[in-house]
Amino acid sequence: MPYFQSSTALALPVKIATWNLNSIRARLPRVLAALERHEPDLLCVQETKSMNDKFPYEELAEVGYVASAHGQKTYNGVALLLRSGEGQLENVRNGFEGNPIPEQARVISGVFNGIQIVNAYVVNGKEVGDPKFEMKLAWLDALDVWLKKEFDPTKPFLICGDFNITPDDRDVWDVEKWQGRIFCTDRERAFVQGLHDWGLQDLQRKFSDEAGLFTWWDYRGGSHPRNLGLRIDLMLASKTLASNCVAFEVDREERRKSTGEGAPSDHAPVIAQFS
DNA sequence: ATGGTTGGTCGCCAA
């Protein structure tokens, strides 16, 4: 049954977050601390780099979260972390129909409090000209076909995650350096533009049109303190849901250097509040 | 063009 036939009524308020963890086990103390700090009703995570049999379900349960994981050995991996007792998460599905690389765990979806949600970890693509870049475009094309077949952008709908695409030049720390390069090509940006044309709104852009609102900073070269980053972690919502988005935050502090909780991910958590 | 850093896993590949 397509998701748009789901009859669950929209139930607000909810706080929804997305975060590329770069390993859920290496990041676990920081994940637990961030859950207690932000108290999201649903946290969508990417790059868990964990098979389900090694997923830290019990540690998450101790801080009140129930995980639905779509894992894989060594690479990729996505999951939905639901705050216990705070909402309904139904119809959870791993992957998507038509995926040209189904062995890579990059998409998990479900219906949360009446919101159709897709959590995606888009193929990186390595560099323009590499076969992996062509696979990225083929993967995006297949995801686009599935989204438009499976979901209804006139209903409450959200796609979030690590897009590995900068929507436009404001989302790039050095436009000249990145011109035409991976994450910044017209062919990649056409995917995001196509979702706008379909009826989705970039929730961060509802609140600010500033340049430099980054969500990812390279581990190398001290890029975070100098704010040499990219905005590639996005939350795109249908208009009916976007109209209920009352706050948006990038937890840039979380990306700062090591604490007693260990090293940070190279991505910051991104959080949206709906009322 | 290369390098720099991190993680999974244990020699590299991926990001």
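Throughout, read-outs are computed from the coordinates displayed, never taken from laboratory work. A quick note: this is a predicted structure, and the numbers were derived from the prediction, not measured. Every residue, glycine as well, gets a Cβ built from its backbone with ideal geometry; the counts of neighbours run over all protein chains shown.
Quick look at the values:
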| read-out | value |
| --- | --- |
| Relative contact order of the stretch A:1-84, pairs being alpha-carbon contacts under 8 Å that are 6 or more residues apart, as % | 29 percent |
| Principal semi-axes in Å for chain A [√(5λ), Cα gyration tensor, largest first] | 25, 23, 19 |
| Residue among A:Thr240, A:Thr215, A:Thr259 with the largest mean-square fluctuation in a Gaussian network model of chain A, springs linking Cα atoms under 10 Å | A:Thr259 |
| Cα-Cα separations in the stretch A:165-215 greater than 13 Å, expressed as whole percent | 58 percent |
| Shape parameters for the stretch A:50-105, alpha-carbon atoms, Rg then Dmax in Å | 12.6, 37 |
| Of A:Lys49/A:Lys206; A:Lys54/A:Lys148; A:Lys73/A:Lys206; A:Lys49/A:Lys148; A:Lys15/A:Lys257, those spanning more than 30 Å from alpha-carbon to alpha-carbon | A:Lys49/A:Lys206; A:Lys54/A:Lys148; A:Lys73/A:Lys206 |
| Measure of compaction for the stretch A:121-201 (Cα Rg per 2.2 N^0.38 Å) | 1.12 |
| Using distinct alpha-carbon pairs, which all enter the 1/r mean, Kirkwood radius of the stretch A:192-275 in Å | 14.0 Å |
| Proportion of all alpha-carbon pairs of the stretch A:24-86 beyond 20 Å (%) | 16 percent |
| Descending principal axes extents, the stretch A:9-153, alpha-carbon based, whole Å | 44, 37, 24 |
| Chain A, helix-only ellipticity at 222 nm - DSSP H runs n ≥ 4, -39,500 (n - 2.57), divided by all residues, nearest 500 | -6500 deg cm²/dmol |
| Qualifying trypsin sites (Lys or Arg not before Pro) for the stretch A:115-190 [loop in DSSP, other Cβ within 10 Å: at most 14] | A:Lys126, A:Arg181 |
